[in-house]
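Notes follow once the structure below has been shown.
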Amino acid sequence: MPPASAKETSEPTEVVSLTRGLAILRAFHAIDAPLGNKEIATRTGLAKATVARLSYTLAQMGYLRQVGPHGQYHLGDKVTHLGYALLRSLPVRRVAEPLMQALADKHEMSVALGIGDGTRMIYLHYCSGPETVTMRLRVGYLVPMARTAIGRAYLWALDDERRQECIDAIRSEAGENADSVEAELRAELAAVEERGFSVSFGSWRRDIFAVGAPVWLDQGHTILALNCGARRLGMDRTKFHETLGPELLTLSSEISRRMDQVGATFWNE
C-alpha cells in the first residue's frame, strides 16, 4: 500500500521528520528505476520541498544514494542494515528462538518464522539443526508467498479482505498465468482449511519439502507463520502430514502463549 499522506500533527518535530523520512524510504520498490523528488512526492503525498530536504538528508546519512545526471535517488546500502537491525530487535524472535531451535535439532531440519511483505514472506528468524541438509537462509530473506508452505499458511490465516489484496497482487505478478496461479493457490488454501497447516513438496524449489503453520499474536491482530523443511533426499511425505504438521501447530500455539504470558506484542515488550 502507498504511504499515507502527511498530516499536520502536534507530535515533536523529530517524530514528524522520522515518520516522513520512513515514508520516503517506503516509496521505493525493488524493481524501480531511480526516483526524482517529484515522483517521491507523488507516492508519499508529501510536499516537494519537504521531500527535497529529507531526501538530501537521507542521502547524506547513506540511506539513499544519488544516481544519474539529474540527481535522482535509489536506496542506499545502509537501508539493509536498518531493516536487519529492526528485525533482530523484535521480541517475538527471543521468545520463539529456543522453541524453533529445539524442533530444528529434533528433526535435523530448518525452521523459520516469517511475516508477509507484499507478495513475499520475509524471514524474521531462522534456525537449523547442526547437520541439516538445506539452504542456509538468514533474517531478512524473502520467499514467494504463493509457492511456499510458510506463505500459504500465512495467507490462509489472514482475514478475507487482506487475503484478497494479497491474491490480487499475486495475480498481477503472474501476468498471463494469473488464472492458473490463483486456482492452484486456492486449492492449497482449501487444504490448509482442512488440516490447519500447509505442505509444499517442491512447489517453490524442486528439492525442498516443507510444512507451514500460522502464528497469531496480539489477540489475532498480527499474523506470522512458521515453516519446517529440508532437502527431500528420499524423505517420506507422510512425515510432513503426520508428524511435522502437528508439531509445528503445537510450536505455533506455544509461541503465542509465551508472548501473552510475558505481555509482549509483536513490536514491543
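The values are calculated or read from the model by the stated rules, or taken from the named source; none is laboratory data. Please read these numbers as outputs of a predicted model, since none were measured by experiment. Please note: Cβ atoms are built from the backbone with ideal geometry, for glycine as well, and neighbour counts cover all protein chains shown. Please note that ligands, DNA and RNA were not included when accessible areas were found on the heavy atoms of the full protein model with its side chains. Shrake-Rupley method; radii C 1.70, N 1.55, O 1.52, S 1.80 Å.
When we screen F209, F197 for residues that are within 28 Å of V262 (Cα to Cα), open to solvent by less than 20 Å² (accessible area, probe 1.4 Å) and either out of contact with any Lys or Arg (no Cβ under 8 Å at 6 or more places or on another chain) or without any contact (Cβ under 8 Å) to a residue 40 or more places away in the chain (or both), the only hit is F197. The set of residues in region 40-56 that are among the polar types (S, T, N, Q), under 14 Å from L22 (Cα atoms) and under 28 Å from the mean Cα position of the chain (by Cα) comprises T44, S55.
Is there a residue being in a helix (DSSP H, G or I) and free of Cβ contacts under 8 Å to residues at least 60 places away in the same chain anywhere in region 132-141? No, because not a single residue in region 132-141 is in a helix (DSSP H, G or I) and free of Cβ contacts under 8 Å to residues at least 60 places away in the same chain. Looking across region 244-269, the residues that are without any contact (Cβ under 8 Å) to a residue 12 or more places away in the chain and hydroxyl-bearing (S, T, Y) come down to T250, S253.
Evaluate region 233-243: report whether one residue or more is in contact with a strand residue (DSSP E or B) (Cβ under 8 Å, 6 or more places away or on another chain), at pLDDT below 95 and closer than 16 Å to S110 by Cβ. Looking through region 233-243, at least one residue is in contact with a strand residue (DSSP E or B) (Cβ under 8 Å, 6 or more places away or on another chain), at pLDDT below 95 and closer than 16 Å to S110 by Cβ. The residue that is farthest from K78 (Cα to Cα), counting only those in region 119-167 that are among the acidic types (D, E) and modelled with pLDDT of 90 or more, is D160. Exactly one residue out of Q66, Q60 is of a type outside the set (F, W, Y), open to solvent by 30 Å² or more (accessible area, probe 1.4 Å), without any contact (Cβ under 8 Å) to a residue 40 or more places away in the chain and outside any helix (DSSP H, G or I): that is Q66.
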